[in-house]
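Colleague: Would you mind keeping the following structure in view while I ask a few things?
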Amino acid sequence: MARLPRLNLLNVPQHIVQHGNNRQVTFVEAGGYVVYLEKLNSYAKEYAVKVHG
């Protein structure tokens, strides 16, 4: 059964979790993790969102 659409309410924080398929490791090399963090930072600034964690 498909998941129901999530509510996207204005000014309500979203809880987002990053993990691999079947909870496998997402980043094997440190360089991949660095690129991920750089892109996350870039998009957070572009879309004016805050990242906590």
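The values are calculated or read from the model by the stated rules, or taken from the named source; none is laboratory data. As the structure is a prediction and not an experimental result, all values here were calculated from the model. No Cβ is skipped: glycine too gets one built from the backbone with ideal geometry, and neighbour counts run over all protein chains shown. Heads up: the accessible areas ignore ligands, DNA and RNA and are worked out on the full protein's heavy atoms, side chains in. Shrake-Rupley method; radii C 1.70, N 1.55, O 1.52, S 1.80 Å.
Colleague: Can you give the accessible area of Val34, probe radius 1.4 Å, in Å² rounded to 10?
Modeller: Around 70 Å² of this residue is reachable by solvent.
Colleague: Would you indicate which of [x] 11.2, 33; [y] 14.3, 54; [z] 14.1, 37 is the value of Rg and Dmax of the Cα atoms in Å derived from the coordinates of this structure?
Modeller: [z]
Colleague: Among Val28, Val51, what's the order by accessible area (1.4 angstrom probe), most exposed first?
Modeller: Descending order: Val28, Val51.
Colleague: Trypsin sites (Lys or Arg not before Pro) within the chain: which are DSSP loop residues with at most 16 other Cβ atoms inside 10 Å?
Modeller: Passing sites in the chain are Arg3, Arg6, Lys50.
Colleague: If you filter the range 12-53 for chymotrypsin sites (Phe, Trp or Tyr not before Pro), then keep DSSP loop positions with at most 11 other Cβ within 10 Å, what is left?
Modeller: Those that pass, being in a loop and sparsely packed, are Tyr47.
Colleague: The chain: which GluC sites (Glu not before Pro) are DSSP loop and have at most 10 other beta-carbon atoms within 10 angstrom?
Modeller: Here the sparse-neighbourhood loop sites are Glu29.
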